[in-house]
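Down below is the structure, laid out as C-alpha cells.
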Amino acid sequence: PGIGAKVLDDLGEELPNEQAGLLVLTDPWPSMLRGIWGDPQRFQDTYWARFQGMYFAGDGAKKDADGDVWLLGRVDDVMNVSGHRLSTTEIESALVLHPKVAEAAVVGAADDTTGQAVVAFVILRSEAADEASTSEGREAVSQELRQHVAKEIGAIARPRNVLVVPELPKTRSGKIMRRLLRDVAEGRQAGDVTTLADSTVMQQITDDLKRS
C-alpha cells in the first residue's frame with residue numbers, strides 16, 4: 001500500500017503485462033534509502049538519473065496477467081561472450097516471449113573458446129511439456145529456442161545449451177539462485193542449497209538432465 005511500481009522499456013515507456021523490462025518505483029515508502037553518506041550526488045546519479053522522478057535500483061521485472069510483479073534479476077548481470085557483453089535479463093526476456101516457455105533463467109558458463117557461453121534453463125508451458133517428454137523432443141525444443149534467441153537478439157546471443165528443467169532453484173522470496181545453475185552448467189556439484197525454498201529442486205534438475 002502506498003508504493004507505486006511500473007515496468008518500463010529503455011526509453012521510459014510503460015510496458016504491457018507479460019513483457020519484461022526495468023522495474024521503477026513511482027512513489028516512495030517510509031524505509032526507502034534516503035541518501036548515501038557524504039555523497040548525495042552519487043545517490044542522485046545511481047538511483048534517480050535514468051528515469052526522471054522515478055527510483056530505479058537496477059532490477060528487471062515483468063507484470064503477469066494479474067498485474068503482479070515478478071522480479072527477473074539484475075539488469076547489470078552480464079556475460080562476456082567473445083568480447084561481447086550480453087545481459088542475462090535480455091536473453092531471459094527473449095526466451096519467455098516464446099509461446100512454449102513459462103519461465104527461464106540464463107547463466108554464463110566458462111568456455112575455452114569464447115570465454116563465457118550462454119546456458120539457458122527453461123520451464124515449458126504445460127501444453128509444450130509433452131513435446132519434450134523424450135530426448136529427441138527435448139533436443140528439438142532446445143534447437144527451436146536457440147534459434148528464437150538468435151532471431152530476437154542476434155547470433156552472438158544464441159545459447160550454447162538450452163536445458164529443459166522441471167523447476168528452477170529459488171529462495172523463499174522467489175529469487176532464482178543463478179550460482180547453483182552455474183554449477184550445473186559447468187559440471188560441478190551444486191553448492192549450498194540451504195537457502196532454497198525447496199532444497200530438493202537441484203536434485204530434481206540433476207536427475208532430469210541425466211535422464212535426458
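Odds and ends about this structure:
- Residue that is open to solvent by less than 40 Å² (accessible area, probe 1.4 Å) and among the polar types (S, T, N, Q), where the choices are S93, S82, S135, S126: S93
- Candidate set from segment 37-59 (those that are within 17 Å of L22 (Cβ to Cβ) and exposed (fewer than 12 other Cβ atoms within 10 Å of the Cβ)); member that is nearest to the chain's Cα centre (by Cα): A49
- Residues satisfying the criterion are absent from segment 90-107 (criterion: out of contact with any Cys (no Cβ under 9 Å at 6 or more places or on another chain), without any contact (Cβ under 8 Å) to a residue 12 or more places away in the chain and either closer than 22 Å to R158 by Cα or in a loop (DSSP other than H, G, I, E, B) (or both)).
- Once segment 157-190 is narrowed to residues that are surrounded by 14 or more Cβ atoms within 10 Å (Cβ to Cβ) and β-branched (V, I, T), the residue that is farthest from S135 (Cα to Cα) is I176.
- The single condition among (1) touching a residue at least 40 places away in the same chain (Cβ under 8 Å); (2) assigned to a helix (DSSP H, G or I); (3) under 15 Å from the mean Cα position of the chain (by Cα) that L180 does not satisfy is (1).
The values are calculated or read from the model by the stated rules, or taken from the named source; none is laboratory data. Note that this is a predicted model, so its numbers are computed, not measured. Counting neighbours? That spans all protein chains shown, and the Cβs are built from the backbone with ideal geometry, glycine included. Accessible surface areas use protein heavy atoms only, side chains included; no ligands, DNA or RNA. Shrake-Rupley method; radii C 1.70, N 1.55, O 1.52, S 1.80 Å.
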